[in-house]
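Working notes for the structure below.
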Amino acid sequence: MHTVASFLGVDLGASSGRVMAGNWDGRRFQLEELHRFPNGGVCIGDRTYWDVLSIWGQMHQGFRRFSTIHRRCPVSLAVDAWGIDFGLLDEGRRLISNPVHYRDRRTEGVPERLFEIIDEKTLFSETGVQSWRINTLFQLYSMVLAGATEIQFAKTMLTIPDLFSYFLCGATTVEYTEATTTQMSSPHANDWARQLMRKVGIPEGILPDVSRPSARLGDTRPAVLKECGFSQNVPVIAVASHDTASAVAAIPNMDADSAFISSGTWSLMGTVIPGSNTSDEARRLGFTNEGSATREFLLLKNLAGLWIIQECLRCWEKPGRAYGWSDLVEAATVASPFCSMLDPGDRVFESPEDMPAAVQQYCRETAQPVPQRVGEFARALFEGLALSYRMVLVSLEALTGRSLSTIRIVGGGSRNALLSQMVADACNRVVVAGPAEATVLGNVMMQAIATGHISDFSQGRRAVAESCDCKAYEPRHSAAWDEAMVRFERLTNRHHANCPA
């Protein structure tokens, strides 16, 4: 292909990060992986952090690789990442400390303390976000309760992608889709929920301006240009910086009849709606409202995703038993169906030190066969995920009044043909899998819109459709899935019975 322009997209996930080039020929994107690196929490004492300085260095490696290979400048660059976590800057705009990981235990019991001031129902009505203890709101409130020096000296809060955009160009804003994940933004006021912040003692002054998706934040700092070998200024763009929003932006043929699943460490399943749904029924069913690239809302539910099997793989690697994903899927394919079943949302799977042992103990406690082989573990999780999606689909249709005929799976999990077929069978819906690199495609597509290489969002989605292959899975629904659903509902009832009111 003849490249007209190249856009650099940094995609940061909870377990890995990568720097990609989106090479544009005027009709389609060709993705080029420049650098991939592991990511994860770093434990020091009783705290778990993100090593943002290491991530910053890894980003530079990707930028330098682009300069070495192409000997030209990218048209622009942008960062997308997970939501919720943040960094704090002091009066001199210096990072006060490494951001704390969302799985850190500092927020245990904190939501209950905050509900003494604002009840959960009111909080959801105001923000449209479910009250998970990992949310930005509860992380900051835990610092207020502890009298943390960091929040006393903080002048600016930046979510993770916005922190790296600040490192790149000096802009101190939070992008819209990221702001909506914090549980500190009001969809009704189209602003931060400032009165809420004042009530709970979080300094309102640390909340920066909110930038729109596709806004130009500024040019890369001179030091970045020199370090990365760029010969001229490169604009930094605020794309739909929350990785889910970027992924959904890139889904071809996403319409009112479609549900999406962004499948990775987390699974996020939902649909696009014109305005937020802050009803008590949405809260009761566990749905949340996150901003989209088009300033609409993603009505979605967060599920545990591939986290359980990723942690199993990590534990198995310690004694030297390394398995690839193809090995895992092959083993699951030949394992007996509906033998053991997991509810991926059960709290016992949140952060155990030994995930395989936690899975086995869960099966003992629920009077199920205890998995021993790799394929048995994987099959149990995949079937549990498929049934989780079925439950969410029923609730989505009830909340929206729509019949959602197609489920569109994007992200790394879309490569798993076994899981995609299971979802089609369990939900009795057509499943379209792909693109696997939806988040990066959404990132570079929004850059192309911001720089005028693509005229609008509709043309951007057509360009993405030209750039990737998607695979359809027809449902082969059977009575076995209905029977499995009855068992699965009993497991989820166990989970809810163990949750505090």
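The values are calculated or read from the model by the stated rules, or taken from the named source; none is laboratory data. These numbers were taken from a predicted model, which means no experiment stands behind them. Neighbour counts run over all protein chains shown; Cβ positions are idealised from the backbone, glycine included. Areas reflect the complete protein model, heavy atoms only, side chains present, ligands, DNA and RNA absent. Shrake-Rupley method; radii C 1.70, N 1.55, O 1.52, S 1.80 Å.
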Using r as the Cβ-Cβ distance of K121 and I69, and R0 as 51 Å, what FRET efficiency do you calculate, to the nearest 0.05? 0.40
For a Förster distance of 35 Å, can you work out the FRET efficiency between the beta-carbons of E474 and E296, rounded to the nearest 0.05? 0.75
Compute, for the chain, the length of the dipole vector about the Cα centre, with Cβ point charges of +1 (Lys, Arg) and -1 (Asp, Glu) only. Units Debye, rounded to 20. 700 debye
Looking at G401, T439, N428, which one has the Cα that reaches farthest to the positive end of the dipole of the range 375-494 (charges on Cβ: Lys, Arg +1; Asp, Glu -1)? G401
Calculated diffusion of the range 94-238, Stokes-Einstein form, Kirkwood radius summed over Cα pairs, 20 °C and 1.002 mPa s, µm²/s: 131 µm²/s
Taking the Cα of E227, stepping 7 Å toward and past its beta carbon, and measuring to each backbone N in the range 76-94: which are under 15 Å? 94
Averaging 1/r across every pair of distinct alpha carbons in the chain and inverting yields a Kirkwood hydrodynamic radius, in angstrom, of 23.2 Å
Using the heavy atoms of the protein chains and a 1.4 angstrom probe, tell me the accessible area per residue for the range 42-138 in square angstrom. 44 Å²
In this structure, the FRET efficiency calculated for R216 and T149 from their beta-carbon separation, with R0 = 41 Å, to the nearest 0.05, is 0.70
Tail fraction, Cα-Cα pairs, the range 328-483, threshold 28 Å, whole percent: 34 percent
Under the helix-only model (-39500 (n - 2.57) for each DSSP H run of 4 or more, divided by the residues of the chain), the mean residue ellipticity at 222 nm, to 500 deg cm²/dmol, is -12000 deg cm²/dmol
Just order 255-264, 198-207, 432-441, 133-142 by mean Cβ neighbour count inside 10 Å, highest at the front, would you? 432-441, 133-142, 255-264, 198-207
Would you mind getting the accessible area per residue of the range 391-501, heavy atoms of the protein chains only, 1.4 Å probe, in Å²? 42 Å²
Whenever you get a sec, compute what percent of the accessible area on the chain sits on carbon and sulfur atoms (1.4 Å probe). 47 percent
So if each residue of separation counts as 0.36 nm, and I subtract the Cα-Cα distance between T406 and H188, what length gain in nm does that give? 75.5 nm
Under a plain spin-label model, where a point goes 7 Å from the Cα along Cα-to-Cβ, how far apart in nm are T333 and R113? 5.1 nm
Is the C-alpha gyration tensor of the range 191-336 telling us rounded, prolate or oblate? Criteria: a/c under 1.5 is rounded; beyond that, a/b larger than b/c is prolate, otherwise oblate. oblate
The range 123-182 shape via C-alpha gyration tensor axes, a/c threshold 1.5: oblate
When Lys and Arg each count +1 and Asp and Glu each count -1, what net charge do the other residues less than 12 Å away from Y323, Cβ to Cβ, add up to? 0
Suppose accessible area is computed on protein heavy atoms with a 1.4 Å probe; arrange R28, R105 from highest to lowest. R105, R28
Take the alpha-carbon centre of the range 416-455, take the same for the range 97-117, and report the distance between them in whole Å. 33 Å
Residue-span extension gain [E204 to D51] - 0.36 nm each, minus C-alpha spacing: 52.4 nm
Please figure out what share of the DSSP beta bridges in the chain is antiparallel and state it in percent, rounded to the nearest 5. 75 percent
From the P(r) of the range 66-105, can you give the percent of Cα pairs sitting at distances over 14 Å? 68 percent
